[in-house]
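Each remark here refers to the structure printed beneath this line.
The values are calculated or read from the model by the stated rules, or taken from the named source; none is laboratory data. Since the model is a prediction, treat every value here as computed from it, not as a measurement. Cβ coordinates were reconstructed from backbone atoms using ideal geometry, including for glycine residues, and neighbour counts include every protein chain displayed.
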Amino acid sequence: MSAEPAALPGMEQPAPRLVRVLVPLPLAGPYTYAEPDDLELAPGDYVTVPLGPRHVRGVVWPDAAGGTADAEIDLKKVKPVLERLDAPRLSVEVMNFVDWVSAYTLFPQGAVLRMVMRSGSQLDPPRPQTGYLAAPRVPEGVKMTPQREKVLATVRGLNFPETPAEIARRAGVSDGVVRALADAGALEKIETDPDAPFEAPNLGRRGKTLSPEQADAADKIRRHIEAREYACTLIDGVTGSGKTEVYLEAAAAALKQDPGAQVLVMLPEIALTLPFLKRLEERFGAAPAPWHSDLGQAGRRRTWRRVADGSARLVVGARSALFLPFRNLKLIIVDEEHDPAYKQQDGVLYQARDMAILRAAHGGFPIVLASATPSLETAVNAQGGRYETVQLPSRFGGASMPDIGLIDMRENPPEKQEWLSSVLIRAVNDTLARGEQAMLFLNRRGYAPLTICRKCGERMTAPDSDTWLVEHRFSNRLVCHHTGYSIPRPDTCPHCGAHDSLAACGPGVERIAEEAARLWPEKQIAIFSSDTVMNPAAGQELLARMKDGGIDILVATQVAAKGHHFPNLTLVGVVDADLGLVGGDLRAGERTWQLLSQVIGRAGREEKPGRALLQSYQPEHPVIAGLASGDRDAFMEAERDGREMLGFPPFGRLAALVLSGENEQHVNSAARMLAAQVPHGQGIEVWGPAPAPLYRLRGSYRVRFLIKAARDVSIQNFLRAWLTDVKIHSSVRRTVDIDPYSFM
Ligand code: ADP
């Protein structure tokens, strides 16, 4: 029997080596663990550690200045690291990035690390699996049903074999439909290595021959790549000017420079990724690694692992791609940099464009922003010389910009319960008569934004939120657009019980499509919105139909505004140009400008000239008048002056503090306590507390503060000091939003 040798009096046990491990949970920071002798851990290693009764995965974190000194730690309480996981080490650069994002957004480091580590299942050992892709053709005699068509459309959009369950989920059908198609030979069964490497981009392939302006723009960016230095370059060019071709040259240059270099292209919208992936595949002879919310488990794991080991060289993704564990990131491109979708609105609240700039600046590599309508933040930085600007003022190949007309709706009112003016209807008639296509744009999903009882006047609202329920005829439901809550459309008023008394007020795209179908019964009309086109494969199918001329009139929300190129689309009719201007959002004017410019930019992208007509009840409004005259500089100047006068971003800093909870009293008393203890700070103003415009959301009551600081003041330090000093009731949630984009 052998016992542990007892330490002789006066002799110390050698102290275990300690490591700090950050776990992907919203806790304070890294915790200290003992390193078992045999592990030889280094910062960036993925490990499993005990945390209370659980075992969790985390990352060995670098020592930070000001961290807990080893001497303060009770060694008896320190638990050992359990194992090291088999995955490429997280780079110091990514770990530093997690720390900066945490310090900037005031979300805990663990919450930010969670965006890097995702579910953690990509750290499991690989398991070979069976996936399916589309067979080259559907065998003769296989009966096609609408459900089977959906499956086929889904698998045709795949670039990696997925499991039947995943295909079924994406197509919105049961597993059985997928298996039956596979048994019939319409799908090809493939045993996959779940982590199969991505094909390397072929860098010998040349891109399009650039115009002199494009070549000049590409040269400027290339210089920063060659100098291996941080620089932010804005490609400011009208829609269709060839910005993409320019930044693809930059991507090629960065990939060529260094055999391990990685490039990230960020896009705001997943509906854009599929056509874009195809375009990149053509350019580089290999499909890039994709990253977006619609990627299945298998696809996500593969991209994550291959980005981590550095073999995925070219990555295309939505905002969360910024948190992939890159090994050697050397260039970021943020396309449509002005797009509000770059702001993450739940979980860790961050602006992906801004964080991408931070990432590049700290990583010492260049970043490219592209837009036809740069955000005011970016425009001011460009004017101030902090960013370099390259301009592409005209469309590539001589296509002209669309001609823009205003329709004053006060003079051309539509019929009752209709929304298209006679001027717009005539223009659509002319367009269709020439065999061309038209788009009717309205940035409102569903059939009608408000349902009201004609008998008692009841407005249909969500039971737990201060929101109207939007009628969707497509699904025959009333839906809350803020929370997703929905009910089948009732036949009787839930308030007074009157039968058949519910009336739809106002239009959404579904209602405009109904009006169009009445006006043009012979024509093919399709709706393009996130409700009707629910996944990239379905989007792809609709876009292909539009390109092939299978659609005459596309009725669309903002999902159709971006990026798409329809050669035969020559008329864009904006049903309600004033829509985005209501509400007190500081960016309302700017956003309306950007969105409508983009929509207008869909018309006449090739030789046939395009035309846009804006229906407005306030054509003299600066945004509407500016759009019609096309004077962007004057509009931006006016916006800039307004923001400067008020000290709003980018001339000052803003943060929102939202208190929320199910107990209204607790929320309000927490707000009063915080209001009573606002620290004094030079150059800081605190507004509120005020009930949020959405006072009740998902059963929680919400109260807001808005904090405004001068540019040279750290709003984070102010908030830290304020919030650590005031103890509020534990049932009240505090959410800090640095640089808020939503004021609801
Ligand atoms: P943007 O990104 O500014 O909207 P794109 O890069 O998509 O513009 O270019 C618009 C259209 O012009 C695309 O069809 C693109 O292939 C074409 N194009 C742009 N530059 C060139 C070029 N140098 N040579 C040939 N075609 C080009």
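Observations
- Test: T233 is touching a Ser or Thr at 6+ places or on another chain (Cβ under 9 Å), in a loop (DSSP other than H, G, I, E, B), crowded, with 19+ Cβ neighbours inside 10 Å and touching a residue at least 12 places away in the same chain (Cβ under 8 Å): no
One line per residue, one yes/no per condition, for (1) more than 10 Å from the ligand (Cβ to nearest atom); (2) modelled with pLDDT of 95 or more; (3) of a type in the set (F, W, Y); (4) assigned to a helix (DSSP H, G or I):
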{"position": "R222", "(1), (2), (3), (4)": "yes, yes, no, yes"}
{"position": "V246", "(1), (2), (3), (4)": "no, yes, no, yes"}
{"position": "P259", "(1), (2), (3), (4)": "yes, no, no, no"}
{"position": "V265", "(1), (2), (3), (4)": "yes, yes, no, no"}
{"position": "P268", "(1), (2), (3), (4)": "yes, no, no, no"}
{"position": "D294", "(1), (2), (3), (4)": "yes, no, no, no"}
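- Unmet criterion (only one of (1) surrounded by 21 or more Cβ atoms within 10 Å (Cβ to Cβ); (2) closer than 30 Å to Q437 by Cα) for L478: (2)
- Within the stretch 270-281, restricting attention to residues that are away from the ligand (no atom under 13 Å from the Cβ) and within 22 Å of the chain's Cα centre (by Cα), the residue that is surrounded by the most Cβ atoms within 10 Å (Cβ to Cβ) is A271.
- Cross-chain or 6+ apart pairs with Cβ under 7 Å, the stretch 195-215 first and closer than 15 Å to A261 by Cα, then within 16 Å of the ligand (Cβ to nearest atom): P201/F284; N202/F284; L203/A252
- Inter-residue pairs, beta-carbon under 8 Å, first within 14 Å of the ligand (Cβ to nearest atom) and among the charged types (D, E, K, R) and in the stretch 550-572, second modelled with pLDDT under 95 and in a loop (DSSP other than H, G, I, E, B), 6+ apart: K562/P268; K562/E269; K562/E336; K562/D339
- Among the residues making up the stretch 91-102, those that are part of a helix (DSSP H, G or I) and over 12 Å from Y350 (Cβ atoms) are V92, E93, V94, M95, N96, D99.
- For I167, the stated conditions do not hold, so it cannot be described as within 16 Å of the ligand (Cβ to nearest atom), at negative phi and touching a Ser or Thr at 6+ places or on another chain (Cβ under 6 Å).
- Enumeration of residues in the stretch 393-424 that are within 16 Å of the ligand (Cβ to nearest atom) and either in a helix (DSSP H, G or I) or not aliphatic (A, V, I, L, M) (or both): P393, S394, R395, F396, G397, G398, S400, P402
- The condition of being more than 16 Å from the ligand (Cβ to nearest atom), of a type in the set (A, V, I, L, M, F, W, C), in a helix (DSSP H, G or I) and out of contact with any helix residue (DSSP H, G or I) (no Cβ under 6 Å at 6 or more places or on another chain) holds for only one of A427, A356, that being A427.
- Count - residues of the stretch 231-244 that are within 14 Å of the ligand (Cβ to nearest atom), polar (S, T, N, Q) and more than 21 Å from the chain's Cα centre (by Cα): 1
- Scanning the stretch 499-523 for residues that are touching a Ser or Thr at 6+ places or on another chain (Cβ under 9 Å) and surrounded by fewer than 15 Cβ atoms within 10 Å (Cβ to Cβ) turns up H499, D500, A503, C505.
- Cβ-Cβ contacts under 9 Å between residues 6 or more apart (or on different chains), taken from a first residue in the stretch 364-390 that is over 18 Å from V246 (Cα atoms) and of a type in the set (S, T, Y) to a second residue that is modelled with pLDDT of 95 or more and in a helix (DSSP H, G or I), are listed as S375/R353; T378/R353.
- Options R611, R632, R605: the member that is closer than 24 Å to K243 by Cα, in contact with a Leu (Cβ under 6 Å, 6 or more places away or on another chain) and in contact (Cβ under 8 Å) with a residue 60 or more places away in the chain: R611
- A Cβ distance below 6 Å, combined with a sequence gap of six or more or placement on separate chains, defines the contacts here; from the stretch 289-310, residues that are crowded, with 24+ Cβ neighbours inside 10 Å reach no residue that is at pLDDT below 85 and not in a helix (DSSP H, G or I).
- Selection of the stretch 537-571 for residues being under 24 Å from the mean Cα position of the chain (by Cα) and either over 26 Å from V238 (Cα atoms) or in a loop (DSSP other than H, G, I, E, B) (or both) yields A537, A538, E541, T557, A561, K562, G563, H564, H565, F566.
- With respect to the conditions (1) farther than 30 Å from I715 by Cβ; (2) in contact with an Asp or Glu (Cβ under 8 Å, 6 or more places away or on another chain), P649 lacks only one, and its number is (1).
- Of the residues R228, R206, the single one that is over 30 Å from V599 (Cα atoms), in a loop (DSSP other than H, G, I, E, B), within 16 Å of the ligand (Cβ to nearest atom) and out of contact with any helix residue (DSSP H, G or I) (no Cβ under 7 Å at 6 or more places or on another chain) is R206.
- Residue in the stretch 577-629 that is surrounded by the most Cβ atoms within 10 Å (Cβ to Cβ), counting only those that are acidic (D, E) and modelled with pLDDT under 90: D585
- Strands (runs of 3 or more DSSP E) (entirely within the stretch 632-744) containing at least 1 residues that are over 21 Å from Y104 (Cβ atoms): 652-661, 684-697, 700-710
- Residue match in the stretch 673-686 (condition: polar (S, T, N, Q), within 20 Å of D466 (Cβ to Cβ) and out of contact with any Leu (no Cβ under 7 Å at 6 or more places or on another chain)): no
- Search result, residues across the stretch 470-501 that are within 26 Å of M744 (Cβ to Cβ) and assigned to a strand (DSSP E or B): V470, E471, H472, R477, L478, V479, S486, I487
- Look at (1) over 19 Å from the mean Cα position of the chain (by Cα); (2) away from the ligand (no atom under 16 Å from the Cβ) and you find that S375 fails only one, number (1).
Matching residues to (1) among the β-branched types (V, I, T); (2) in contact with a helix residue (DSSP H, G or I) (Cβ under 8 Å, 6 or more places away or on another chain):
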| residue | (1), (2) |
| --- | --- |
| G626 | no, yes |
| E637 | no, no |
| E664 | no, no |
| V667 | yes, no |
| A670 | no, no |
| L674 | no, yes |
| Q677 | no, yes |
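- The selection criterion, being in contact (Cβ under 8 Å) with a residue 12 or more places away in the chain, touching a Lys or Arg at 6+ places or on another chain (Cβ under 9 Å) and outside any strand (DSSP E or B), holds for L349.
- The single residue among A360, A341, A372 that is of a type outside the set (S, T, Y) and modelled with pLDDT of 95 or more turns out to be A360.
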